[in-house]
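This report concerns only the one structure given below.
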Amino acid sequence: MFEVLKENLEKKGYEVRVFASASEASEYLDKRIDGKSVGIGGSVTVHQMGLTEKLSGHNAVCTHEILPEGMSVMEARRTASRSDVYISSVNAVAETGEIVNIDNTGNRAAAISFGPETVYLVVGRNKVAETLEQAVWRARNVAAPRNAKRLNRKTPCAVKGDKCYDCSSPERICRNLSILWTKPTGAAYVVVLIDEELGY
């Protein structure tokens, strides 16, 4: 199902790997990333793949979801963004090749855009939209409400779980929209497409 997307991502400069399952993709990443400092953004997809535990056996992994002793959440986010390798999922990707993320603090958007030597973006088939407009819609109206609910935020989208209300809640998580029109310069990028529904 990824033929068009893979072709368009490659035209935009990304290396693209396609896997039938999360377990196959996880094995690939475990073999490819060794002896590195690895930062992981907040990601249900990465959690479902068991990547943090798998990579921690032979890499120095930092994620704010499993805080190192004596480190605050913000310190962990900063450390992760300065790692050799950064791993994140995305909120949506258009078949035309644009990659969309919505963030609260902007840590994922920043680390994906600049800093690490290599960025891996893991993407389940449910994240694929036909156009950039639909990808942005998905990020706002599907991924963000589900993440707000998961994080127990007091926002209209978390309560109703149906769409973005463009709210003014102090607990709003959609504060930063990132679109990669094409592969940023200065780092290697690998998009890992997985033919399973993963994350939000």
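The values are calculated or read from the model by the stated rules, or taken from the named source; none is laboratory data. Not measured: the values here are computed from a predicted model. Reconstructed Cβ throughout: ideal geometry from the backbone, glycine too, with neighbour counts over all protein chains shown.
If the condition is being more than 17 Å from residue 107 (Cβ to Cβ), of a type in the set (Gly, Ala, Ser) and modelled with pLDDT of 95 or more, then the stretch 170-187 contributes no residue at all. Residues in the stretch 1-12 that are in a loop (DSSP other than H, G, I, E, B) and surrounded by fewer than 13 Cβ atoms within 10 Å (Cβ to Cβ): 1 in all.
Looking only at residues of the stretch 56-91 that are among the small types (Gly, Ala, Ser), touching a His at 6+ places or on another chain (Cβ under 9 Å) and surrounded by 15 or more Cβ atoms within 10 Å (Cβ to Cβ), we find that the one that is farthest from residue 123 (Cα to Cα) is 76. When you check residue 187 against the structure, is it surrounded by fewer than 22 Cβ atoms within 10 Å (Cβ to Cβ), within 27 Å of residue 24 (Cβ to Cβ), of a type in the set (Gly, Ala, Ser) and touching a residue at least 12 places away in the same chain (Cβ under 8 Å), yes or no? Yes: the conditions hold for residue 187.
Among the helices (runs of 4 or more DSSP H) confined to the stretch 104-169, the ones with at least 1 residues that are out of contact with any strand residue (DSSP E or B) (no Cβ under 8 Å at 6 or more places or on another chain) and over 30 Å from residue 188 (Cα atoms) are located at 144-150, 156-160.
Checking the structure you have, find out if any residue of the stretch 71-89 is more than 27 Å from residue 177 (Cβ to Cβ) and modelled with pLDDT under 90. Yes: one or more hits. For the stretch 146-164, taking the residues that are at pLDDT 90 or above and of a type in the set (Gly, Ala, Ser), the one that is nearest to residue 198 (Cα to Cα) is identified as 148.
When residue 145 is tested against (1) within 12 Å of residue 101 (Cα to Cα); (2) buried (at least 22 other Cβ atoms within 10 Å of the Cβ), exactly one condition is not met: (1). Only one of the numbered conditions (1) surrounded by fewer than 18 Cβ atoms within 10 Å (Cβ to Cβ); (2) of a type outside the set (Phe, Trp, Tyr); (3) out of contact with any Lys or Arg (no Cβ under 9 Å at 6 or more places or on another chain) is violated by residue 33, and that is (1). May I ask you to say which residue of 153, 140 is free of Cβ contacts under 8 Å to residues at least 40 places away in the same chain and under 16 Å from the mean Cα position of the chain (by Cα)? Only one candidate qualifies: 140. Scanning the stretch 137-184 for residues that are β-branched (Val, Ile, Thr) and within 16 Å of residue 89 (Cβ to Cβ) yields 142, 173, 179.
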